[in-house]
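Any read-out appearing in this document is the output of simple, stated calculations on the displayed coordinates, not a laboratory observation. Here the structure is a predicted model, which means the values were calculated and not measured. Virtual Cβ from ideal backbone geometry, glycine too; neighbours counted across all protein chains shown.
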Amino acid sequence: MTVAADRDAAFLAGIDQLADAIAAVHADDVDRGARFPTETIDALREQRALSALVPAEYGGDGISFEAVAQACFVLGRRCGASAMVFAMHQIQVATIVRHLDGSPWFEDYLRELVADQRLIASVTSEVGTGGDMSRSVAALTPIDGDPARATFEKQAPTVSYGAYADDLLVTLRASPDAGPGDQVAVLARQSDTTLEPTGTWDPLGMRGTCSPGYVVRAEVPVAQVMGAPFPSISTESMVPISHLLWSHIWLGIATDAFDRARAFVRAAARRAPGEPVPAAMKLSHVMTQLSLLRAEVHSAMQDWTEAEADRERLSTMAFALRFNNLKLAASEQAPRVCQQAMGVCGIVGFKNDTPFSIGRHLRDSMSASLMVANERIHQTNAGLLLIAKEV
Amino acid sequence: MSFPAVREIVSEHGRLSVDVTTLSDDDSLYEAGMTSHASVNVMLALEDAYDVEFPDEMLKRSVFESVGSISSALSQLDVQVA
Ligand SMILES: Cc1cc2nc3c(=O)[nH]c(=O)nc-3n(C[C@H](O)[C@H](O)[C@H](O)COP(=O)(O)OP(=O)(O)OC[C@H]3O[C@@H](n4cnc5c(N)ncnc54)[C@H](O)[C@@H]3O)c2cc1C
């Protein structure tokens, strides 16, 4: 094995262990209490997993993106909300790493992220534009007499783990007179930011992500504005990476639902050896659905690995369609698998306190289609399909 | 090479927030308010007007960034000025 493969294997061994020993143990309590998965995130910090994607030259472990995606899958099997916090953080880190453009401030920031295992939240959606990340209402506003600093105020409908994050990556219009699509991404430290809650967080699923709305206000040095325009950051990195990591989590959730259904069928078969087990047939149907989901997630990962370094290719419509389709297909398929798995287990799957409970999986997976509304993405694809040649 | 109809098409389909005649060949159409949705309509109209098909590798943001970048893409496709 190469050194890089060894590093990935050691990282994943740590994640496997932590997922079973910590994330799985607290998953139900995190869900019931809609509380932050502190134990799991602390354990991830201890393993330096929050800086996994930071290249070695900035002190990070230089873990591959594929290994991080695999970690999302592994965590997703044990606690969807912990996995989602982990994934959303990694999306921000990957985005910063891929768009450093030699910025000394962001290079130093990565070193700091490694040392302090800082957790980054995302503030992209906005009241008024909903899940349309390509438009902003709030603007970065220069401060009179201080060209080195700027302020903003953004109405954010959903900021996952906002109250627990060390920093926030925020999208804004580049200036008060910029158009809605002329956006930048700004890193705001929690210490420079005030979060005024605008609601509570008592949702159907992904309860542990702790994602209420906030008015986000901050004053930041302009060095903390990422150099590349947000539209290219979004197309070349943030969108495909989000869809890849999210879909690994949804696959993890669906896989655990399937595993629970399989355990139920085996238990039934053991109770009455030699008797037919009707649920086993249903399980076979679930497996075909799960394998479709797995195939889509894995083939998208392959497509990404081939194109990852080729920014030009990533910015084509064909690629936008590819990774949008991943999101749509995986977000529709995961809850389907969970619901069918519940059908296998019957009432013990429906109850919340059996080894075969699937309620949390079903509820968590239902967030997938509205975590950026599928109808929006379908509408984008509908436009792209008019013009793209090979899809 | 310049393609006078490019400006007309951008003006008709780009949904810019400013008059296209105020933009130079290199000014960003996106900064002038063209959304990605509108850019699809611009592409369709260009394909129709010049009877060409943009291959997938040309269907990206940077190609439709400005009147100039659109014109050079058309040149690459060997479009002759009518
Ligand atoms: C668990 C979870 C965590 C999240 N965490 C974060 C976070 O940390 N940071 C963050 O920024 N965001 C986060 N989001 C995303 C965010 O909550 C939503 O994507 C965003 O707020 C959009 O909300 P919306 O669905 O009300 O709005 P919209 O996207 O406007 O959708 C509202 C409704 O209108 C429909 N609709 C809207 N536009 C169109 C269209 N063009 N065509 C057809 N139908 C349309 C949609 O289908 C939907 O039914 C999170 C979401 C979830 C579920």
Under the Debye formula (equal points on every Cα, no solvent term), log10 I(q)/I(0) of the range A:14-73 at q = 0.23, 0.30 Å⁻¹: -0.94, -1.22
Rg in Å to one decimal, and Dmax rounded to a whole Å, for the range A:124-172 via C-alpha atoms: 12.3, 35
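Place a +1 charge on the Cβ of each Lys and Arg in chain A and a -1 charge on the Cβ of each Asp and Glu, then give the dipole magnitude about the Cα centre in debye, rounded to the nearest 20.
Details: 34 positive and 46 negative charges, 328 e Å.
About 1580 debye.
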Whole-Hz couplings from phi, Karplus 6.51/-1.76/1.60, listed for the range A:219-229; x for Gly and Pro: 10, 10, x, 5, 4, 8, 8, 5, x, 6, x
Residue mean of other protein chain beta carbons inside 10 Å, B:40-48: 3
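Within chain A, how many Lys pairs that are eight or more residues apart, or on different chains, come under 28 Å at the alpha-carbon? Numbers along the way, then the final one.
Details: A:K154/A:K327; A:K282/A:K327; A:K282/A:K351; A:K327/A:K389.
Summing the qualifying lysine pairs gives 4.
To the nearest µm²/s, what D does Stokes-Einstein give for the range A:210-264 at 37 °C and 0.692 mPa s, using the Kirkwood radius over alpha carbon pairs as Rh?
217 µm²/s
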For the range A:1-136, the Rg and Dmax computed from alpha carbons only, in angstrom: 15.7, 51
5 angstrom amide H check on A:A150, placed H, neighbours 5+ away: A:V220, A:V222
The protein assembly as shown: calculated mean residue ellipticity at 222 nm from DSSP helix runs of at least 4, using -39500 (n - 2.57): -16500 deg cm²/dmol
Stokes-Einstein translational diffusion, chain B - Kirkwood Rh over all Cα pairs, 0.890 mPa s, 25 °C, in µm²/s: 198 µm²/s
Relative packing of peptides A:112-121, A:256-265 - highest average C-beta neighbours within 10 Å first: A:256-265, A:112-121
Reciprocal of mean inverse Cα separation for the protein assembly as shown (Kirkwood radius, Å): 23.7 Å
Cα shape, the range A:193-347, gyration tensor, a/c 1.5 rule: oblate
Chain lengthening between A:R35 and A:V391 when straightened (0.36 nm per residue, less Cα-Cα): 124.0 nm
